[in-house]
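What follows is a set of notes on a single structure, which appears directly below.
Throughout, read-outs are computed from the coordinates displayed, never taken from laboratory work. Owing to the predicted nature of the structure, the values given are computational and were not obtained by experimental measurement. Quick reminder, even Gly has a Cβ in these numbers, built from the backbone with ideal geometry, and neighbours come from all protein chains shown.
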Amino acid sequence: SLSIDLIRKLADRHPKASHLRFQYGTAGFRTLGSILDSVMFRVGVLAALRSKRFDGKTIGVMVTASHNPEHDNGVKLVDPRGEMLEASWENHATVLANAPTTDAFIECLEILVKNLRIDLSKPSRVVYGRDTRPTGAALVASLEDGLRAIGAEGRNAGITTTPILHYLVRAINTKGTKDEYGEDSEEGYMKKLSTAFKKLVAGKPASEPLIVDCANGVGTQAVAEISQYLGDTLQLLPYNTAASSTGALNNACGADFVKTTQKLPPSLHGVLKPGQRGCSFDGDADRIIYFYLDERGHFCMLDGDKIAALVAAFIVELVKSAGLENKIKVGIVQTAYANGGSTKYLASRLPVKCVATGVKHLHHAAEHYDVGVYFEANGHGTVLFSPDTLHIFQTHQPSTPAQSTGLNHLINLTQLINQTVGDALSDMLLVEVVLAHKSYSGAEWDSLYVDLPNRLVKVVVPDRSIFKTEDAERRLVSPPGLQSKIDDLRRRYEAGRAFVRPSGTEDVVRVYAEAQFRPQADELAYRVAGLVY
Ligand code: NG1
Ligand code: ZN
C-alpha cells in the first residue's frame, strides 16, 4: 500500500500555493519556473505510479520549457515506448496538481490508485532529465522527493535534450528484447546516430560546414558531442552556445525566433555567408529550422514543411529503388499551420492528412502509414516506420545491386531517425544526408515549391475558451457567425487562407493568414485579428 506518513511528510515540503491553477496541456505543465515546486513533487509521484501501472517499465520525466523565455519552466511525462503521455493521464496529472492541500492530494492519490487498479506491489522506475534553465536543479530535487514518496527507483539523466530523454526511455524498456532501440546512454544515442549517418554519406563528397544556432541551450552540448563522433564527415560550426549565461536562452536566437520573426538571429549577421546553410535548434533541441542567404544576401527560411517535403521525396525514391513501391506507402501529416504551398506540392504526390496542433496528434496519425512523415511548420517532426515496414526491410530480398543499395539506405535511415519524437540533432543529420545525396544547395532545396507569404499574429482576448474549432482547427464553430465573416474576408484575396484557434500553450488566440503576395497576407491577418478582438 501507499506509505501515507512518508507521502505526507514529503508533500508538506512542497505545498501548493492556493491562488495557483495548473493545467497539463499540449506541452505538459508549463509556466514560471519559480511557481512549479508543488507540481514537480506531484509529477514525481504520478510518474512513479504510472511505472507501476506498466509493471515496472521505465517512465520518463523531462523538465523543460522548450523555446519559452528562460524564466519559464515545465515538465512532461514520457510513456514506455518513448512517446508522449497518454491523453487520459493528462487529466490525472491536472487533478493531482490542483489538489489544494496535502490531505486532498493524498485523497486524490488513493482514488487514482483504486480507479486505475494500480498494483502497488509492482516495481517503479523513472528516468528524468532537464534542460539548462536556472530553475531546473531545484525542480528536479522536488521531483526526486515525489519519487522517494512512492519508493520509485530514479535514474538521473542530468542536463540533456528532450529527444535524448525520449530515446533513453525507449532504449531502457527495449533492452535485451528483439526491438532493442540502442544502448541506454547518451553515448549510445550519439553512436547510433553517427554510425548511421556515416554509412549514409559514405562515398559522397563532404558537404560545406554547417552553422548551428544552439539557442544558448542544451543543444550546445549535444552538438559538441555529436561532432566528436562525426569526425570529418560533417563539420558543424556551433553558435549561440552560451548555455550557462543568464538571460541568453532563446533570446534573439533559436528555432522559434527564426520561425516567428522570419529573420536571421542578429548574432549570425556577417557570420552566415551568401550560399551557406545554417540551422537553429530550440531551447531543448526538439525543433529545427534551416536557412540560407541567397546570392543577393536575402534571408530564406527552410521550415518544417520544407524539411517534410525534402525528406518524404527522398524516402519515396529509396522505396522505389529498393523495389518496394508496391508494398510500402509513404504518407505525410501536417497541421493547419503548414504553408499552403507545401500542402499543394505534397498532396499532388502523396497522401496528406491534416490534424489538430500538438505533436501527439501528428505522431498518432503518422502511425497509420507504412512510413509516416510528420512535421509542424515550426520545425518539430520526425519519420515513423511501422512494425510491418521494418519487417519488410529485414526480410526483403533485393534482386539487383541498386535495389540492395536502396534497401540499405532505408535501413540506415531507421537508425538515424529518432522515431520517438521530433529531434533537432537527428533531423539535422537527416537533412544533411538528403542534401548530400541530391547534391542540393539550400536554394535548390528551397525551389521544390514556393512558400506562400504568411503571417501569424497573437490576439489577447478576455476569454479564449469561447473559441471552438472543427476540421482540424481550420474552422471556428464558436463564437457563432465569426467563421462566415472570416470566409468573406478570405475570399477577397488571391490564394487567401485564414484561420483562428485558441492557443493550447499561451493565454491568446492565434490568427494565421496567407495569400499570394506579402502585403495581402499581412492585411488579411490583421483584418481577421480585427474580427476576433
Ligand atoms: P499552441 O500554443 O497551441 O499554438 C504551440 C505551437 C504548436 C506546438 C505547441 C507545443 C504554433 C503555431 N503552435 O501550440 O505547434 O509546438 O506550441 O509546444 O507554432
Ligand atoms: Zn522544444
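Counting other Cβ atoms within 10 Å, keep those with at most 15, restrict to DSSP loop, and tell me which trypsin sites (Lys or Arg not before Pro) in the range 107-158 are left. Don't skip to the end; give the middle numbers.
On the way: sites: LYS114, ARG117, ARG125, ARG130, ARG148, ARG155; in loops: ARG117.
Loop-located and lightly packed - ARG117.
Provide the gained length on full extension for the span LEU6 to GLN228, in nm with one decimal, where the gain is 0.36 nm per separating residue minus the Cα-Cα distance. Intermediate results must be reported in sequence, preceding the final value.
Numbers: separation 222, 0.36 × 222 = 79.92 nm, distance 4.54 nm.
Answer, rounded to one decimal: 75.4 nm.
Over the residues of the chain, the helix contribution to mean residue ellipticity at 222 nm works out to -13000 deg cm²/dmol, using -39500 (n - 2.57) for each DSSP H run of at least 4. Provide, in order from the shortest bin, the percent of all Cα-Cα pairs of the range 76-211 in each 10 Å bin, continuing until the bin that contains the maximum pair distance. In order of increasing distance, the bins hold 10, 30, 33, 17, 7, 4, 0 percent.
Using Cα pairs under 8 angstrom and six or more residues apart, how large is the relative contact order of the chain, in percent? Each step should come with its number before you reach the end.
On the way: 1127 pairs, mean separation 63.3, N = 533.
Averaging sequence separation for qualifying contacts and normalising by length gives 12 percent for the chain.
How much length would be gained if the chain were fully extended between SER439 and HIS298, taking 0.36 nm per residue of separation minus their Cα-Cα distance, in nm to one decimal?
48.6 nm
Got a sec? Charge dipole of the range 454-532, +1 on Cβ for Lys and Arg, -1 for Asp and Glu; which of GLY504, TYR493, LEU531 is way out at the positive end? The one lying farthest along the dipole's positive direction is TYR493.
Label-to-label distance for SER121 and THR260 is 5.2 nm, based on points extended 7 Å past Cα in the beta-carbon direction. Proximity of backbone amide H atoms, modeled 1.01 Å from N, is registered between ALA242 and ASN216 at under 5 Å, excluding neighbours fewer than 5 places apart on the same chain.
Ranking ALA137, VAL433, SER399 by how far each Cα lies toward the positive end of the dipole of the chain (charges on Cβ) leaves SER399 at the top. Taking label positions 7 Å along the Cα-Cβ direction at both LYS175 and LYS199, the computed distance is 2.4 nm, reported to one decimal.
Under 20 Å from the 7 Å Cα→Cβ point of VAL508, by amide nitrogen: which residues of the range 63-93? Taking a point 7 Å out along Cα→Cβ of VAL508, the residues of the range 63-93 whose backbone N falls under 20 Å are 65-74. The loop-placed trypsin sites (Lys or Arg not before Pro) in the range 443-533, going by DSSP, that have at most 15 neighbouring Cβ atoms within 10 Å of their Cβ come out as ARG491, ARG492.
Comparing Cα centroids, the range 483-509 and the range 372-407 end up 36 angstrom apart. For the range 99-136, backbone nitrogen atoms closer than 12 Å to the point 7 Å from SER18 Cα along Cα-to-C-beta are found at 100-101. Counted over the chain, the DSSP beta bridges are approximately 60% antiparallel.
Figure the gain on full extension for ALA138 and GLN397 (residue separation times 0.36 nm, minus the Cα-Cα span) and round it to one decimal in nm. Please list the in-between numbers first.
Numbers: separation 259, 0.36 × 259 = 93.24 nm, distance 5.43 nm.
Contour length minus the Cα-Cα distance gives 87.8 nm.
Can you work out the base-10 log of I(q)/I(0) for the range 1-40 at q = 0.15, 0.22 1/Å, using the Debye formula on its C-alpha atoms alone? Listed by q, the Debye log ratios stand at -0.46, -0.79. Dipole orientation for the range 9-85: of the candidates VAL45, VAL61, ALA27, VAL45 has the Cα lying most toward the positive pole (charges on Cβ; Lys, Arg +1; Asp, Glu -1).
Summing Lys, Arg as +1 and Asp, Glu as -1, what charge do residues with Cβ under 11 Å from the Cβ of ARG133 carry, ARG133 excluded?
On the way: positive: ARG130; negative: GLU70, ASP72, ASP131, ASP284.
Net local charge, ARG133 excluded: -3.
What fraction of the DSSP beta bridges in the range 4-174 is antiparallel, stated in percent and rounded to the nearest 5? Write out the running numbers ahead of the final one.
Numbers: 10 of 23 bridges.
Percentage antiparallel, nearest 5: 45.
Within the range 146-212, the GluC sites (Glu not before Pro) that combine a DSSP coil assignment with at most 14 other C-beta atoms in a 10 angstrom radius are GLU180.
A simple charge model with +1 on the Cβ of Lys and Arg, -1 on the Cβ of Asp and Glu and nothing else charged puts the dipole of the range 194-320 at about 280 debye relative to its Cα centre.
Kirkwood radius and radius of gyration were both taken over the C-alpha atoms of the range 4-174, and their ratio Rg/Rh is 0.93. Note on the chain: Cα convex hull, mean projected area over all directions, 24.6 nm². Under a model in which nothing but the beta-carbon of Lys, Arg (+1) and Asp, Glu (-1) is charged, the chain shows a dipole of about 680 debye around its Cα centre.
Mind running the shape call on the range 6-89? Use the C-alpha gyration tensor, a ≥ b ≥ c as the square roots of the eigenvalues: rounded below 1.5 for a/c, prolate if a/b tops b/c, oblate otherwise. Oblate. Modelled spin-label separation between SER404 and GLU86, with each label point placed 7 Å from Cα along the Cα-to-Cβ direction: 4.5 nm. Over all other residues within a Cβ to Cβ distance under 11 Å of PHE375, the charged ones net out to -2, with Lys and Arg as +1 and Asp and Glu as -1. Contact order normalised by length for the range 4-174, with contacts defined as Cα pairs under 8 Å and 6 or more residues apart; what percent is it? In percent, rounded to a whole number, it is 33.
Note down the relative contact order for the range 187-301 as a percent, whole number, built from C-alpha pairs under 8 angstrom at least six residues apart.
In percent, rounded to a whole number, it is 26.
Determine the dipole magnitude for the range 320-383: charges of +1 sit on the beta-carbon of Lys and Arg, -1 on that of Asp and Glu, nothing else is charged, the reference point is the Cα centre, and the result goes in debye to the nearest 20. Could you put the intermediate results ahead of the total?
Numbers: 7 positive and 4 negative charges, 33 e Å.
Dipole size: approximately 160 debye.
Summing charges over all other residues whose Cβ lies under 14 Å from the Cβ of SER386, with Lys and Arg as +1 and Asp and Glu as -1, gives -1.
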